[in-house]
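Okay, so here's the structure we're looking at.
The values are calculated or read from the model by the stated rules, or taken from the named source; none is laboratory data. For clarity, every value in this text was computed on a predicted model and none was experimentally measured. Please note: Cβ atoms are built from the backbone with ideal geometry, for glycine as well, and neighbour counts cover all protein chains shown. For the accessible areas, the whole protein counts, side chains as well, though only heavy atoms, and no ligand, DNA or RNA atoms are used. Shrake-Rupley method; radii C 1.70, N 1.55, O 1.52, S 1.80 Å.
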Amino acid sequence: MLDAKCPECNDRAQLSDDMTTIKCKKCGYSDSYENYIEKMKTNAINLADNFQFKGNV
Ligand SMILES: [Zn+2]
């Protein structure tokens, strides 16, 4: 099992050895690796927006 960052609680989530599913024991998040990557991309975009917003205020 490989460790990855959980997109829901930012704790450690586990990626299955075949890299198809990711699961977080802490919050119960579970998704396919493909969806996980998309979710992390979306989170990164949201974070960038937040930083820009803060910078403007
Ligand atoms: Zn989690």
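In the range 14-39, the residues that are at positive phi reach residues that are more than 10 Å from the ligand (Cβ to nearest atom) with C-beta atoms within less than 9 angstrom, at least six apart or across chains, in these pairs: Met19/Leu2; Met19/Tyr33. In the range 16-40, the qualifying residues are those that are at pLDDT below 95 and within 14 Å of the ligand (Cβ to nearest atom), and the one that is least open to solvent (accessible area, probe 1.4 Å) is Met40. For the range 1-11, the set of residues classified as more than 8 Å from the ligand (Cβ to nearest atom) and loosely packed, with under 13 Cβ neighbours inside 10 Å consists of Met1, Leu2, Asp3, listed by residue number.
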